[in-house]
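These notes concern the structure reproduced below.
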Amino acid sequence: MSEMQDIIIQSAEKIFKRHTTKELVDELEEGKFDEKTWKLLVDNGLTTIGVPESLGGVGGDLQDAFQVIKLSGKYTLPVPLAETILANLMLSRIEVQVDTTLRSIHFNESDGLNLESDKEQFLMNGQLNNVTWGRFLEELIVVTKYNHKDYVVKVSPQQSKIEKRQNLAGEPMDDLEFRNVQINPENITEINRESFIKNLMDLGGVTKVSQMCGASEEILNLCLFLTNERKQFGRPLNRLQIIQQYLATLAGDTVNITTNFDYVVDALEKHQMTYEVANSKIITNTAIRRIAETAHQIHGAVGVTHEHKLHQLTRRLWSWREEFGNEQFWTQLFAEKLMDEPNELSLWKKINNQKEELVNT
Amino acid sequence: MSEMQDIIIQSAEKIFKRHTTKELVDELEEGKFDEKTWKLLVDNGLTTIGVPESLGGVGGDLQDAFQVIKLSGKYTLPVPLAETILANLMLSRIEVQVDTTLRSIHFNESDGLNLESDKEQFLMNGQLNNVTWGRFLEELIVVTKYNHKDYVVKVSPQQSKIEKRQNLAGEPMDDLEFRNVQINPENITEINRESFIKNLMDLGGVTKVSQMCGASEEILNLCLFLTNERKQFGRPLNRLQIIQQYLATLAGDTVNITTNFDYVVDALEKHQMTYEVANSKIITNTAIRRIAETAHQIHGAVGVTHEHKLHQLTRRLWSWREEFGNEQFWTQLFAEKLMDEPNELSLWKKINNQKEELVNT
Amino acid sequence: MLASLKLPKATLSKEHNEFRLEVRSFLEEEIKKGSFHPSVDSWMGGYSIEFSRKLGEKGWIGMTLPKEYGGQERTSIERYVLIEELLAYGAPVAAHWFADRQTGPLLLKYGTESQKNRFLPKISKGECFFSIGLSEPNAGSDLASLKTRATKVEGGWLLNGSKIWSSGAHLSHYMLTLCRTEEQKENNKHAGLSQLIVDLSAEGVSIRPIKYLSGENHFNEVFFEDAFIPEDHLVGEEGNGWVQSMQELAFERSGPERILSTYPLIEEVYQDLLTNNDFEGMKKLVPIISELISLRQMSLSVAQLLEDGEDVNIAAAIVKDMGTRFEKNVAEEIRLIVNQKPSQFSSNQIARLISESILHSPGFTLRGGTTEILRGIIAKGMNK
Amino acid sequence: MLASLKLPKATLSKEHNEFRLEVRSFLEEEIKKGSFHPSVDSWMGGYSIEFSRKLGEKGWIGMTLPKEYGGQERTSIERYVLIEELLAYGAPVAAHWFADRQTGPLLLKYGTESQKNRFLPKISKGECFFSIGLSEPNAGSDLASLKTRATKVEGGWLLNGSKIWSSGAHLSHYMLTLCRTEEQKENNKHAGLSQLIVDLSAEGVSIRPIKYLSGENHFNEVFFEDAFIPEDHLVGEEGNGWVQSMQELAFERSGPERILSTYPLIEEVYQDLLTNNDFEGMKKLVPIISELISLRQMSLSVAQLLEDGEDVNIAAAIVKDMGTRFEKNVAEEIRLIVNQKPSQFSSNQIARLISESILHSPGFTLRGGTTEILRGIIAKGMNK
């Protein structure tokens, strides 16, 4: 954890709190991009957090970055701060300079992208589906092949044909079609595909976990507030036994995923990763279903109105759990890891990191 | 439904009620067989119910048989009435005469039985695992091959080497080893294996569903009684909101499986079977987990003592759900059926029996 | 087991099955013609005046009503079959839903001859839509503490107050409104309530739509400011409104709309699994299909109980509790079977149906009696 | 988020890991020697005087106690690691369990010098077993309404009454007994209670075993008829028994024994899936392993909070609620992964462990505070 973390977090929260109103989030759903908030984030260096200054970032470590992303989830920021931070973190991993561009990174195993050369330029063709924030991005980072090698390519979604779709939260999730889009060679970087994708899924998975943890904490706050304020038959709701049972399970799920979040970020930071991200995304995704359901049941009819804040959080939870691998994806990966490792180790030893290198560090 | 059903049910219930005490059930667990009750059941013709008189039974239809079996579950009969009725029903399907023998039928896909001929006799060799009631049976019905043909064989467990095991309810579930056991040719009947096994799994599955429904009804009774009688902080338990929620879900699960039971028996009776048994065993097995858990949670510490009646029911539920196919077995079968049938029919049409023969009957 | 928990096994006759096929071919024809696209929760969100008219022409609205009032005198089991088919195919039935399900039977039972002649034929033709005015702002689940007040004046009442969560009021002609016609009494909160038919286009009546979380518009708040209600718009007995309303609610708890709201998604996924020959996926779909089948059996049994004139209070609450939880589970289980990101306005039908199902889910276990209230009814009912 | 819901991330040091390996090789050695077979819920059902003695020799009972009283002065995090290993390997630790977990720390905090000198070294050697006497017949969850009464006499008290659900009392030397030393007061049910050490072999003390549903014997009812308790068997302050007892309970809610009771089954199934190269089965085991990992993180975090001297009331209740539900789920999920019928006394290890797990399950969410009580504590705690 960087020493600056407390200060960074506090100043980020101050900005988010002051500038993210329910109305601004509503406006996103109506198709407006909140330029003002975005500029503020850029001006405060929040979009390049976690990237070393030598690569154009403001510095800080992964802890800092994910804590800011968690807060962005809590305040349901109507701009793609999490996406841009993630894209910048990934660029910095391959030593590419970052800047203040509004960018995101997109990867889908079934992407049908194609890069061809055309004299000094390259041409990109193909279709990308479900690109979050697509229509508003200045730059999209994609992974593709050229001449049997793997590359990361920066491309502008504005040069594609955009079919506007949206996710469950009303955030843009567009289909982009690229037809002979020219790519400048300087926007192409060769990569080791396997390690890049693994890295991306790990950081992407934890990005989503961060956002979901932030939103879940805020949901718990809303539920505690409501059940304390609102009365039924003359007593505050939280005096009802059944409401208490709901609040307790809601708190349990929330504490579970947020505690786990701290452990997974620590493991990422220390590069001591085996199954941690899989585990984190699985338990967080699984908890989301109960958290959203319980919160709505507690809130009753008021909570399903568009006027209420609750759905801005629950709809995001339902959307975010689908990104960077759902439960099935990570379960598959985790199971493979469990099958792969040497059979002579018991499960207990495996989940207690009984490997020489770990015991000796 | 036979016209005699009401009378049969009433007289059966009278016998069960009078003769099945908690103590007798305890004694079974201590290894004693309740000869007296068994004789009473035989004398009252209950062991051959559902088998036509022409084949040695007392008559009645499948409805009658399964209603009696359901009651035997409710009263946790410490004798294998359900098993003997089922064995007799299966014998009657292949036109074999039944009698008052204490018998059961055992089938397991992995059974390693072997029949050889030895002059006029046959010799049986092999191992059968998890034979319910094994040590107490006069006769066991098994399925085996001889000379590329399939046979049903009557054999006496008393001629096998018996390893005494038990199921979760403390009922016998023994491992039997047969070594050169002589089989009289009149105890061998050729069968069409595929249809016999299908029949056996269907009738066996519904037998278990019947018992589980009976026991679940009794559990609900115990819970209603307890929560009405017992007080906490001066009020009957059933005035507590959380207890009400438990009672309601318990009632829901119980009504669901018992209602479904009536539908599946009707379909069996009318030979209008497609997915009905699979469906019934799946939903009943699934409900059992919740029913047993909720009943114990309602009963608290008192309910986990051996002195209390509750565990005689819940432990049987946990045992019975494993017999004649668990959820995985029937799910596999149901899924196969859903994949097999013609694709042009929608699911909706399939589950509404939109097939010419059914619409026209 | 308690008598109230014993449900009869209902058998659909050959005639019922033939009627089912008749409805089904009509619906398949309509889909082919493009008159609607199957959608989930179509009894809440599927609004089509044209489609309602067509059903009216077929005699499939108010079909249990006497012929003299425009009905078909068919049984409630036949109506049950009809509703199942409409919902399974995701047909747009929201417009006439409440008039068909509640107002028609209510008017038949309590209405005056002139009310029956005036409203029932139009309801049956799909030309007269009703909304229900029960809940009020800030009243929560405590329905008995209603504040909306009808003051007697020459020839009728002046109505003041407001109603909330009225589905479809912005698209309906009338609202069946429960209101206070006498002062509230300390010792009997249920006394002094009456049911009035409010013309939603009348002076003094205004409607404020309440957007649902997905941005759609189903609910409304309806305000009354000295709205004049003519004398002959009183339904049933003055002061008997509470009893009449509660009967209305209990009768409609266990219908197919408490089980099938998300069925169109199941069907689509089933077809998808078949097409892809995905056996592992099919195994995961089996528990859903199993639950669906047994819930429909229970629901049909309750319909039979109703037809037999028995008390269905507990049984209906059980079906609604379990059925609505099932409706909610459907999308949650299916999202782990198919590889489709929920996406609104997607070109992929499954991605769209999952979206609709998840967004509509929170309402399933709230509308028409929350899970917690239903369970209270069940538990208390068993202890009587 | 509320401060009480923020748990610190605890880090196990290299030394902790080395200690873990030390415990582990000891246990593997013992299993190899056949001194025990791994079983589920071994802190309740695994009774072995020899094994307790061995742990005592290693210094692994009462290990956080000061050296002058026979302890090792190790941290509670080290004890945490020890307990995890013991339970994961299903070692028989029931005999000394309560003496190690509760009585030792209690006596250290509240005991007289002479009590500490007399009991603590023996506890640490695994030679002195304690049982806990809290609940009474017919009292339900209302612990404050205790009736067992100690009447002052020359040199001590005469004890009358009875205690119920005392695990292991039939095998223990002493019982730490909460009883009334003053008349019950209307306005403060918690006043006038004291903790006495009762010698279970003394005259006037009798023990009636209560068979568990599986036929095993864990619980007892303990009767006192004019049993003489010497003065110096009072623990702490006379009249302060309620506060002392509640501290004891809260401190021990979130330990590994609320998560790992059924772990030996998970391990066995994991090995089985590996051996059979069953990938589909492994995928079904993943959610269980995931939940296990995150629950252990939470539990460790609470141990850290305790070590830091913070209030753990809510956090510990959360861990116990979730952990014990997890313990219960294990067998239910696993029975659908492996193809083994639960069978008691089976030669198949999985069949036996599933049996034990299912039969012990009902107790998990009852003992040490029921699910419902814990959730009440959590909800009320958050609203303070």
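Just checking, does region B:70-91 include any residue being among the polar types (S, T, N, Q), over 28 Å from B:GLU163 (Cβ atoms) and touching a helix residue (DSSP H, G or I) at 6+ places or on another chain (Cβ under 9 Å)? Write out each step before concluding.
Here is the first cut: in region B:70-91, the residues among the polar types (S, T, N, Q) are B:72, B:76, B:84, B:88.
Filter once more, so that each one left must be over 28 Å from B:GLU163 (Cβ atoms): none.
Looking for residues that are among the polar types (S, T, N, Q), over 28 Å from B:GLU163 (Cβ atoms) and touching a helix residue (DSSP H, G or I) at 6+ places or on another chain (Cβ under 9 Å), one finds none in region B:70-91, hence no.
Could you say which residue among A:ASP266, A:ASP253 is among the charged types (D, E, K, R), at the interface with chain D (Cβ under 9 Å from one of its Cβ atoms) and either touching a Cys at 6+ places or on another chain (Cβ under 8 Å) or surrounded by fewer than 17 Cβ atoms within 10 Å (Cβ to Cβ) (or both)? Give the derivation first.
Values: A:ASP253 fails: either touching a Cys at 6+ places or on another chain (Cβ under 8 Å) or surrounded by fewer than 17 Cβ atoms within 10 Å (Cβ to Cβ) (or both).
Result of the check over A:ASP266, A:ASP253: A:ASP266.
Being more than 7 Å from every other protein chain (Cβ to nearest Cβ), among the polar types (S, T, N, Q) and closer than 25 Å to C:GLU136 by Cα is the requirement here; does A:THR227 meet it? Lay out the reasoning, then the answer.
Numbers: more than 7 Å from every other protein chain (Cβ to nearest Cβ): yes; among the polar types (S, T, N, Q): yes; closer than 25 Å to C:GLU136 by Cα: yes.
It is true that A:THR227 is more than 7 Å from every other protein chain (Cβ to nearest Cβ), among the polar types (S, T, N, Q) and closer than 25 Å to C:GLU136 by Cα.
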Check your understanding: In the list B:ARG165, B:ARG193, B:ARG179, which residue meets the criterion of being surrounded by 22 or more Cβ atoms within 10 Å (Cβ to Cβ) and of a type in the set (D, E, K, R)?
Key -> B:ARG165
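For region D:18-100, give me every one of the helices (runs of 4 or more DSSP H) that falls completely inside it and has 2 or more residues that are within 14 Å of chain A (Cβ to nearest Cβ) and modelled with pLDDT of 95 or more. Working first, answer last.
Working: elements: D:42-45, D:49-58, D:76-88, D:94-98.
Filter on region D:18-100 gives D:76-88.
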Practice item. Test B:LEU77 against the stated conditions and say whether it is surrounded by 22 or more Cβ atoms within 10 Å (Cβ to Cβ), of a type in the set (A, V, I, L, M, F, W, C), part of a loop (DSSP other than H, G, I, E, B) and touching a residue at least 40 places away in the same chain (Cβ under 8 Å). Key: yes
Exercise for review: Scan (1) surrounded by fewer than 18 Cβ atoms within 10 Å (Cβ to Cβ); (2) assigned to a strand (DSSP E or B) for the single condition D:ILE132 breaks and write down its number.
Suggested key: (1)
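Each row is one residue, and each column tells you yes or no for (1) among the charged types (D, E, K, R); (2) away from chain C (no Cβ under 14 Å); (3) within 30 Å of A:ARG230 (Cβ to Cβ); (4) outside any helix (DSSP H, G or I).
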{"position": "A:THR286", "(1), (2), (3), (4)": "no, no, yes, no"}
{"position": "A:TRP318", "(1), (2), (3), (4)": "no, no, yes, no"}
{"position": "A:GLN332", "(1), (2), (3), (4)": "no, no, no, no"}
{"position": "A:ASN343", "(1), (2), (3), (4)": "no, yes, no, yes"}
{"position": "A:LYS349", "(1), (2), (3), (4)": "yes, yes, no, no"}
Check your understanding: Restricting the first residue to region C:28-43 and requiring it to be among the aliphatic types (A, V, I, L, M), which pairs with a second residue that is part of a helix (DSSP H, G or I) and surrounded by 21 or more Cβ atoms within 10 Å (Cβ to Cβ) meet a Cβ separation below 7 Å and a spacing of at least six or different chains?
Key -> C:VAL40/C:PRO264; C:VAL40/C:LEU265; C:VAL40/C:LEU353; C:VAL40/C:GLU356; C:VAL40/C:SER357; C:VAL40/C:HIS360
Point to revise | Filter result for B:SER195 (more than 14 Å from chain C (Cβ to nearest Cβ), within 30 Å of B:HIS271 (Cβ to Cβ) and within 24 Å of the chain's Cα centre (by Cα)) | key: yes
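Give region B:316-332 a look and list any residue that's in contact with a helix residue (DSSP H, G or I) (Cβ under 7 Å, 6 or more places away or on another chain) and either surrounded by fewer than 21 Cβ atoms within 10 Å (Cβ to Cβ) or farther than 27 Å from C:ALA88 by Cα (or both), or say none.
First pass over region B:316-332, keeping only residues in contact with a helix residue (DSSP H, G or I) (Cβ under 7 Å, 6 or more places away or on another chain): B:316-318, B:320-321, B:323-327, B:330-332.
Correct list: B:ARG316, B:LEU317, B:TRP318, B:TRP320, B:ARG321, B:GLU323, B:PHE324, B:GLY325, B:ASN326, B:GLN332.
Is it the case, given these coordinates, that C:GLN297 is at negative phi and away from chain B (no Cβ under 12 Å)? Break it down stepwise before answering.
Working: at negative phi: yes; away from chain B (no Cβ under 12 Å): no.
For C:GLN297, the condition - at negative phi and away from chain B (no Cβ under 12 Å) - is not met.
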Point to revise | Members of region B:130-166 that are in a strand (DSSP E or B), more than 24 Å from B:LYS32 (Cβ to Cβ) and not basic (Lys, Arg) | key: B:ILE141, B:VAL142, B:VAL143, B:THR144, B:TYR146, B:ASP150, B:TYR151, B:VAL152, B:VAL153, B:VAL155
Review point. Which residue out of D:SER167, D:SER261, D:SER201 is part of a loop (DSSP other than H, G, I, E, B), modelled with pLDDT of 90 or more, crowded, with 18+ Cβ neighbours inside 10 Å and outside the structural domain of D:GLU327 (by TED's automatic domain parsing)?
Key: D:SER167
Review point. Out of (1) more than 10 Å from chain A (Cβ to nearest Cβ); (2) within 25 Å of D:ALA3 (Cβ to Cβ); (3) part of a helix (DSSP H, G or I), the odd one out for D:GLY309 is which?
Key: (3)
Check your understanding: Among the residues of region A:102-129, which ones are outside any strand (DSSP E or B) and under 29 Å from A:GLY31 (Cβ atoms)?
Key -> A:LEU102, A:HIS106, A:PHE107, A:ASN108, A:SER110, A:ASP111
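Regarding region D:270-287, can at least one residue be identified that is in contact (Cβ under 8 Å) with a residue 60 or more places away in the chain and either facing another protein chain (nearest Cβ under 10 Å) or touching a strand residue (DSSP E or B) at 6+ places or on another chain (Cβ under 8 Å) (or both)? Full working, then the answer.
Taking region D:270-287 as the starting set, the residues that turn out to be in contact (Cβ under 8 Å) with a residue 60 or more places away in the chain are D:272-273.
The next check asks that each one be either facing another protein chain (nearest Cβ under 10 Å) or touching a strand residue (DSSP E or B) at 6+ places or on another chain (Cβ under 8 Å) (or both); those that pass are D:273.
Within region D:270-287 (the criterion being in contact (Cβ under 8 Å) with a residue 60 or more places away in the chain and either facing another protein chain (nearest Cβ under 10 Å) or touching a strand residue (DSSP E or B) at 6+ places or on another chain (Cβ under 8 Å) (or both)), the answer is yes, since at least one residue qualifies.
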Point to revise | Hits in region D:336-355 - residues which are buried (at least 24 other Cβ atoms within 10 Å of the Cβ) and more than 7 Å from chain B (Cβ to nearest Cβ) | key: D:LEU353, D:ILE354
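Restricted to region D:356-382, and to residues that are more than 12 Å from chain A (Cβ to nearest Cβ) and of a type in the set (S, T, N, Q), which residue is surrounded by the fewest Cβ atoms within 10 Å (Cβ to Cβ)? Before the answer, list the steps.
Of region D:356-382, the ones more than 12 Å from chain A (Cβ to nearest Cβ) are D:356-369.
Remaining after also requiring of a type in the set (S, T, N, Q): D:357, D:361, D:365.
Working: D:SER357: 27, D:SER361: 26, D:THR365: 23.
Applying the filter and picking the extreme gives D:THR365.
Condition check ((1) among the polar types (S, T, N, Q); (2) at positive phi; (3) in contact with a Lys or Arg (Cβ under 7 Å, 6 or more places away or on another chain); (4) surrounded by fewer than 20 Cβ atoms within 10 Å (Cβ to Cβ)) across all residues:
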position	(1), (2), (3), (4)
A:GLU217	no, no, yes, no
A:CYS223	no, no, no, no
A:LEU226	no, no, no, no
A:LYS231	no, no, no, yes
A:THR259	yes, no, no, no
A:GLN272	yes, no, no, yes
A:GLU276	no, no, no, no
Practice item. Look through region D:82-120, keep the residues that are hydroxyl-bearing (Ser, Thr, Tyr) and touching a strand residue (DSSP E or B) at 6+ places or on another chain (Cβ under 9 Å), and return whichever of them is surrounded by the most Cβ atoms within 10 Å (Cβ to Cβ). Key: D:THR103
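The values are calculated or read from the model by the stated rules, or taken from the named source; none is laboratory data. Bear in mind the structure is a predicted one, so any value in this text is a computation, not a measurement. When we count neighbours, we look across all protein chains shown, and the Cβ atoms used for this are built from the backbone with ideal geometry, even at glycine.
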